[in-house]
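Participant: Starting off with a structure, shown below.
Each reported figure results from applying straightforward, stated rules to the coordinates on display, with no laboratory input. Quantities reported herein were computed from a predicted structural model and do not represent experimental measurements. So basically every Cβ, Gly included, is an ideal-geometry build from the backbone, and we count neighbours across all protein chains shown.
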Amino acid sequence: MKFSFQHMAHTLSVRLSLMVALPTALILTAALLVMLHFSRKSIKQETLQKAEQTLEATVQSIDNILLSVEQASGNTYWNMVEQLDKPERMQVFCRKLVETNPYITGCAIAMEPYYYKNRSKYFMAYTHQTKTGMASTNSPIIQAETFGNRPYTEQEWYTQPMKSGHPCWIGPLKDSDTEGGAIITFSLPIYNRDGARVGVLGVDIALQQLSQIVLAVKPSPNSYCTLLGSDGSYIVHPDSTKLMHETVYSYYKESDNQSIKEAVAAMVTGQTGYKEFQQNGKDWFVFYKPFNRSVLPGRSMEKLNWSAGIVYPEDDIFGQYNRMLYVVVAISLTGLFMLLVLCQWFTHRRLLPLRMLTKSAQRIAEGDYNEPIPDSKQEDEIGQLQEQFQQMQQSLATHVNELNRLRASLQIQGEELRTAYERAQEADKLKTAFLHHMTNQMIAPSQTILTSVDTLCQQWSNMSKEEAAKVVDSIQKDSQTITDLLGGMLERSEK
């Protein structure tokens, strides 16, 4: 496997494919990064605008509820002031107000102490909804010194409008200041015909019910709205337990997350904007702004110092973007892989003649000059190279065949020369042997002649003519023998 990978890495088609795919991948990656950067920026900007619109719509929705309660309270007020001298009618007005307005969970008409001379010191008519959400049918007129755990004359919903003389929103009221869950109260001072403040009309909205109404319209699947009071109390929150017993400051103190503290501080100080924070290992965004009511003629516009916010998990904002990112990355990787495969296939197809030429060159290097190279179907450089290589192979084959023919001819001539040389060597050997033979045959006559000459020279004076003639005849015979041998040698050499 290692060899095949190394082999693939060194093949021209793979390298050409990588030369195409890698720059394409770099360009595509750069384009995707730029696109995703601006897409994320655009999505964030769009989310900010959408959150601002949603936040404004939420504020407007809550304000519409408050305005509905204010208008209903005002209508009841003008009917009630005409009958202030009829204490038994106060309960009727309270009950009617609760029954006719779905947002109102309780209504109280509290008069200043000793207002009714024939009554006890404190007088308060109070009607509230039961836990089932229906108006109580047998709510008595409360004539007691206490409402909750304290006299109503000591409670803020009564004392503040009696002091200021203006309608106002009070709350959230919790624990000992309520007869049930947490509420906010619209308090309207009551004036008699002489223009003196004689009591307070208090209309309650249950925070749990208000939260249910507001939270029913979710900006996104996992987002939620929240509304904070001036003291950091929760007016709207999806967790009903926080409405009754907690404030945002308790959450602020318990958290060690600086981003959460910054977001809380920004909200309670009435700022406008958004913050990012982490909670339970997730990233969140909170968009916030001061709660400002619509300005209408005759409406009391005291400053509430409330702050509205919408909390989004990051996945609700960028979840679709992140999923799109995964899809785009998957498509890009798939596209790059397909591009690499197509480049590999295309270059492999286009380089087939080169591989064929490589094999042909290898065979030529091994001595096979006659295997034909097919004609090229391509008209590009590779096709021209194949045609030139074909011509070169044919020319080389012709030259090699001519060389082979010449080599064969030279081999034949060489064989003939070798045979002639061998024959010449054999003839030389025969001549040498013949000369040795003839020389050996001339040795005896030569020695005889030498002996005879020596004898004749030494003893010629003592020899007779007959003896000298015999010696001379012997010398002549031996000389003739030598002459005959030399003559034979000459004849042989001429042959």
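Participant: Each residue of region 340-347 in turn: what ³J(HN,Hα) in whole Hz from Karplus with 6.51, -1.76, 1.60 and θ = phi - 60°, glycine and Pro shown as x?
Facilitator: Going residue by residue, I get 4, 5, 5, 4, 4, 5, 5, 5 Hz, with x marking Gly and Pro.
Participant: Can you tell me how much longer the chain between residue 366 and residue 466 gets when fully stretched, taken as 0.36 nm per residue apart minus their C-alpha distance, in nm with one decimal?
Facilitator: 26.8 nm
Participant: Suppose the chain between residue 216 and residue 61 were pulled fully straight at 0.36 nm per residue; how much longer would it get relative to their current alpha carbon spacing?
Facilitator: Details: separation 155, 0.36 × 155 = 55.80 nm, distance 1.16 nm.
In short, 54.6 nm is gained.
Participant: Starting from the Cα of residue 444, step 7 Å along the direction of its Cβ; do the same at residue 420; then give the gap between the two resulting points in nm.
Facilitator: 4.1
Participant: May I have the extent of the alpha carbons of region 426-471 along their three principal axes, as whole Å values ordered from largest to smallest?
Facilitator: For region 426-471, the Cα spread along each principal axis is 53, 16, 9 Å.
Participant: Based only on other Cβ atoms within 10 Å, what is the fewest-to-most ordering of 225, 107?
Facilitator: Ascending number of Cβ neighbours within 10 Å: 225, 107.
Participant: Additional query: Could you calculate the contour length gain from residue 197 to residue 338, that is, 0.36 nm times the residue separation minus the distance between their Cα atoms, to one decimal place in nm? Don't skip to the end; give the middle numbers.
Facilitator: On the way: separation 141, 0.36 × 141 = 50.76 nm, distance 8.46 nm.
Value of the extension gain: 42.3 nm.
Participant: Here is a follow-up. How tilted is helix 258-268 with respect to the longest principal axis of the chain? Cα atoms for both, answer in degrees (0 to 90, nearest 10).
Facilitator: 30
Participant: Right, here's the next one. In nanometres, what is the gap between the two model label sites at residue 429 and residue 32, each 7 Å from Cα along Cα-to-Cβ?
Facilitator: About 9.0 nm separates the two model spin labels.
Participant: In addition: What FRET efficiency comes out for the pair residue 241/residue 149, r = Cβ-Cβ distance, R0 = 35 Å, nearest 0.05?
Facilitator: On the way: r = 21 Å, r/R0 = 0.60.
The calculated FRET efficiency here is 0.95.
Participant: Can you give me the angle between helix 12-81 and the longest principal axis of the chain, using Cα atoms only, in degrees from 0 to 90, rounded to the nearest 10?
Facilitator: 0
Participant: Also, quick follow-up: If packing is taken as the average count of other Cβ atoms within 10 Å, what order do 155-165, 440-450 fall into, highest mean first?
Facilitator: In decreasing order of mean packing, 155-165, 440-450 become 155-165, 440-450.
Participant: Let me ask something else about it. Calculated FRET efficiency, residue 458 and residue 485, Cβ-Cβ r, R0 35 Å, to nearest 0.05?
Facilitator: About 0.80, to the nearest 0.05.
Participant: Efficiency by 1/(1 + (r/R0)^6): what FRET value for residue 305 and residue 24, r their Cβ-Cβ distance, R0 = 51 Å, to the nearest 0.05?
Facilitator: The pair residue 305/residue 24 has a calculated efficiency of 0.30.
Participant: What's the Kirkwood radius of the chain in Å, using all Cα pairs?
Facilitator: 35.1
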